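Have a look at the structure below, then the notes.
Read the figures in this text as sums done on the coordinates, not as results from a lab. No experiment lies behind these values; they were computed from the predicted model shown. Ideal geometry is used to build each Cβ from the backbone, glycine not excepted, and the neighbour counts take in all protein chains shown.
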Amino acid sequence: MKTTDLKNTPSDISQAADLIKDGEVVAFPTETVYGLGADATNDEAVQAVFTAKGRPADNPLIMTVGDASQIEPYVQVNHAARQLMNTFWPGSLTMILPIKPDMVSMLVTGGLQTAAVRMPANDATRAMIRQAGVPIVGPSANLSGKPSPTTAAHVHHDMDGKIAAVLDDGPTQVGVESTVLDLTADQPTILRTGAILPKMISVVLGKPVIDGTSEKALAADQVPKAPGMKYRHYAPDKEVVIFDPLDWQDLQGQLQVGDAVMAQDQLLGNLGNQVPSWSLGTDLTSASENLFAGLRYFDDQEATVKIYVQAMPDIDLGRAYNNRLGKASAGQHFTL
Ligand code: TXA
Ligand code: MG
């Protein structure tokens, strides 16, 4: 199969929508990462997404919509969900809601009685979904286990020959996947950290939000609530090691041929040309935006053996950044 590159133009968006209607798989841009789109109401199309990604069938998919009204036939939208949609959509908040009986395929939900729903903040993608007239499934467009794609080139790298088209709208902005919020539990619970922070949700709902991603919550939970979070994820083939900025001097003294460093400009300023480096910019936003691209870059460099990546403060967007980095490194830290 030849994978067509489509751009953010009216005729290309129509072509993408037609492909979705025909049951084909089309990768699409969002503000977080690129996704793999297919008609969520067509089981064969959904199956093709699992096949292209090599994804385990018990890991459910997000139903992705162009308008909030597109979700109504499929899930029960309660008052809290309505408030959050009004505030954060389009944007990086995925909500888990009860499905309407028999309205969502088992393939999409992984057999659960709930479904994940999201409206991304990308105009080309939302136009494509509205024109297709159906919600699309939207897992990240990487091969299962690899870092999520933040450019169309990343998608081509993983998916060329496996999917019909990639809708290219340039690099994504947020760089880490959306916040996943479970609204089917007694209390709203975060299942995956992202750019929409618990405190932002709490302010809108006027009540506390449980952090289901804390060490304590995970230890108490035998069955992971977001099935996807149990898999080794986001991991390059190369060895990834986390380092604390306080250890920067020590690390510099130990660097050798084959090492690469991903760090903030504040640190890279005094590295010189000792080893190749990748800039994470100067703040949490730029670090999240550039994390996956750097991991993918060094993964493809034959000379790179080990990638040292700077940890961020574990607050705000730093939570999501550190979570993804933790998975990429399998928790391996630099120590002297
Ligand atoms: O930012 C994003 O959310 C991206 C872009 C492309 O929209 N998509 C994405 O999808 O990250 P995916 O499939 O890679 O991650 C969806 C997460 C998985 O961890 C999955 O297990 C969880 O949401 N999930 C999906 N349906 C669920 C459900 N009914 N209950 C609990 N967790 C669910
Ligand atoms: Mg994913």
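Scan around K306 for amide H atoms under 5 Å from its own, H built in the peptide plane at 1.01 Å from N, and keep only partners 5 or more places away or cross-chain.
Correct list: D259, A260.
Tell me the mean residue ellipticity at 222 nm calculated for the chain from its helices only (DSSP H runs of n ≥ 4, each -39500 (n - 2.57), averaged over every residue, nearest 500). Mind showing how you got there, number by number?
Values: 12 runs with 108 residues, N = 336.
Calculated mean residue ellipticity at 222 nm is -9000 deg cm²/dmol.
So how do 239-251, 8-20, 125-137 stack up, highest first, on mean other-Cβ count within 10 Å? The partial results should precede the final answer.
Details: 239-251: 16.3, 8-20: 18.2, 125-137: 22.5.
With the highest mean Cβ count within 10 Å placed first, the list reads 125-137, 8-20, 239-251.
Quick one: putting +1 on the C-beta of Lys and Arg, -1 on the C-beta of Asp and Glu, what dipole do you get for the chain around its Cα centre, in Debye to the nearest 20? Write out the running numbers ahead of the final one.
Details: 25 positive and 38 negative charges, 129 e Å.
Result for the chain is approximately 620 debye, rounded to the nearest 20.
If you line up the long axis of helix 317-328 against the longest principal axis of the chain, both from Cα atoms, how many degrees apart are they, to the nearest 10?
80
Dipole of the range 239-328, Cα-centred, from +1 at each Lys and Arg C-beta and -1 at each Asp and Glu C-beta, to the nearest 20 debye? Write down the numbers at each step before the final one.
Working: 5 positive and 13 negative charges, 33 e Å.
Its charge dipole is roughly 160 debye.
Choose one of A195, Y321, I96: the residue whose Cα lies farthest towards the positive end of the charge dipole of the chain (beta-carbon charges +1 Lys, Arg; -1 Asp, Glu; about the Cα centre).
I96
Considering the Cα trace of the range 66-151, what is its radius of gyration and what is Dmax, both in angstroms?
13.4, 37
Quick one: helix 10-21 against the long Cα principal axis of the chain, what's the angle to the nearest 10°, folded into 0 to 90?
Helix 10-21 sits at roughly 70 degrees to that axis.
Compare the Cα positions of T4, A287, F50 along the charge dipole of the chain (+1 at Cβ of Lys, Arg; -1 at Cβ of Asp, Glu; about the Cα centre) and return the one farthest towards the positive end.
F50
With charges only on Cβ, +1 for K and R and -1 for D and E, what is the dipole size of the range 139-194 about its Cα centre, in debye, rounded to 20?
Details: 3 positive and 7 negative charges, 27 e Å.
That gives a dipole near 140 debye.
Could you tell me the relative contact order of the range 108-165? Use alpha-carbon pairs under 8 Å, at least six residues apart, and round to a whole percent.
Values: 24 pairs, mean separation 11.0, N = 58.
Rounded, it is 19 percent for the range 108-165.
Once you've got the Cα coordinates, tell me which of K100/K146; K199/K306; K146/K306; K2/K146; K2/K327 are over 27 Å apart.
Values: K100/K146 33 Å; K199/K306 36 Å; K146/K306 16 Å; K2/K146 22 Å; K2/K327 32 Å.
Listed pairs above 27 Å: K100/K146; K199/K306; K2/K327.
Quick one: what are the phi-derived ³J(HN,Hα) couplings along the range 291-308, Karplus 6.51/-1.76/1.60 with θ = phi - 60°, whole Hz, x for glycine and proline?
Taking θ as phi minus 60°, the curve returns 4, 5, 4, x, 4, 5, 4, 6, 4, 8, 7, 4, 6, 7, 10, 10, 10, 8 Hz for the range 291-308.
For the pair D18 and K207, how long in nm is the line joining their label points, each one 7 Å along Cα→Cβ?
It works out to 4.9 nm between the two label points.
Give the long-range amide H neighbours of G35: residues separated by 5 or more places, or on another chain, with amide H under 5 Å away, using H modelled in the peptide plane at 1.01 Å from N.
Distant-sequence amide H within range of G35: F28, T30, A141.
So what's the angle, to the nearest 10 degrees on a 0 to 90 scale, between helix 123-132 and the longest Cα principal axis of the chain?
30
What number does the range 34-189 give for Rg over Rh if you use C-alpha atoms and the Kirkwood radius?
0.94
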